[in-house]
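Reading through the structure tokens given below for one structure.
The values are calculated or read from the model by the stated rules, or taken from the named source; none is laboratory data. Every value quoted in this text rests on a predicted model; they were computed, and no experiment measured them. FYI the Cβ positions are ideal-geometry reconstructions off the backbone, even for glycines, and counts take in every protein chain you see.
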Amino acid sequence: MTGPVEPPSRLLSGDHRGLDREFEEFQAAAGYGRDRRQQIFARFAAGLRRHIEVEERLLFPAFGEGDPSHRHLVDLMLDEHRRIEGILDRIRLRLETGPTSTEDLESELVNVLWAHNVREEGSVYPWFDTHLPEERIREVTRALRDPDPPGRAPEGP
């Protein structure tokens, strides 16, 4: 028997807060050695990529199809996801090959993520609370908690 489902807005917003804490841990590790910073960043980036993948695979299609007027917002969110992934790649590359300082890229990521999360939590996530079927909510919950959800592409080098 399964228990009650957590509202998607609470689940997804909670995941945002957890990712925020992981990113803050990475930022606080500025004085650590390169290997340790890479480990912390890799954990954060994997969690953020999992969150993005769950949204794109399980949530955004329902949001866009549920109301055609949402299509523009979905396209904006997808564009922001690509920007976020690009910044993650640039941070990873700098940690691997360049100077250890990533403050400029961290600021860029924070700016994009902050606006993106506000938009999701204010406009998109509340819609899920009233429109997603319970089984889809359970699928989202499983996917966010599974470190390697089905359908997720493996990360590149």
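Structure notes:
- Residue match in region 1-8 (condition: of a type outside the set (Val, Ile, Thr) and buried (at least 16 other Cβ atoms within 10 Å of the Cβ)): yes
- Filter result for Glu85 (within 20 Å of Ser107 (Cβ to Cβ), surrounded by fewer than 16 Cβ atoms within 10 Å (Cβ to Cβ), under 16 Å from the mean Cα position of the chain (by Cα) and of a type in the set (Asp, Glu)): yes
- Any hit, region 102-122, residues being of a type in the set (A, V, I, L, M, F, W, C) and farther than 21 Å from Glu24 by Cβ: no
Residues are listed down the side, and each one gets a yes or a no for (1) among the charged types (D, E, K, R); (2) at pLDDT 95 or above; (3) surrounded by 15 or more Cβ atoms within 10 Å (Cβ to Cβ); (4) within 23 Å of Glu120 (Cα to Cα):
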site: Arg17; (1), (2), (3), (4): yes, yes, no, yes
site: Asp20; (1), (2), (3), (4): yes, yes, yes, yes
site: Arg34; (1), (2), (3), (4): yes, no, no, no
site: Arg43; (1), (2), (3), (4): yes, yes, no, yes
site: Leu48; (1), (2), (3), (4): no, yes, yes, yes
site: Ile52; (1), (2), (3), (4): no, yes, yes, yes
site: Glu56; (1), (2), (3), (4): yes, yes, yes, yes
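- Restricted to region 1-15, and to residues there that are hydrophobic (A, V, I, L, M, F, W, C) and over 16 Å from the mean Cα position of the chain (by Cα), the residue that is nearest to Glu121 (Cα to Cα) is Val5.
- Residue in region 107-120 that is at pLDDT 90 or above, surrounded by fewer than 14 Cβ atoms within 10 Å (Cβ to Cβ), more than 16 Å from the chain's Cα centre (by Cα) and within 19 Å of Leu19 (Cβ to Cβ) present: yes
- The residue pairs whose first member lies in region 64-79 and is under 15 Å from Leu113 (Cα atoms) and touching a residue at least 24 places away in the same chain (Cβ under 8 Å), whose second member is charged (D, E, K, R) and surrounded by 13 or more Cβ atoms within 10 Å (Cβ to Cβ), and whose beta carbons are closer than 8 Å, counting only pairs six or more residues apart or on different chains, are Leu76/Arg119; Met77/Glu55; Met77/Arg119; Met77/Glu120.
- Of the helices (runs of 4 or more DSSP H) that lie entirely inside region 44-157, those containing 2 or more residues that are over 22 Å from Pro8 (Cβ atoms) and not charged (D, E, K, R) span 71-97, 103-119.
- Close pairs (6 angstrom Cβ cut-off, 6 or more residues apart or separate chains): farther than 16 Å from Ile87 by Cβ in region 14-34, β-branched (Val, Ile, Thr) and crowded, with 18+ Cβ neighbours inside 10 Å anywhere: Glu25/Ile40; Ala29/Ile40
- Residue within region 22-35 that is more than 15 Å from the chain's Cα centre (by Cα), part of a helix (DSSP H, G or I) and among the basic types (Lys, Arg) present: yes
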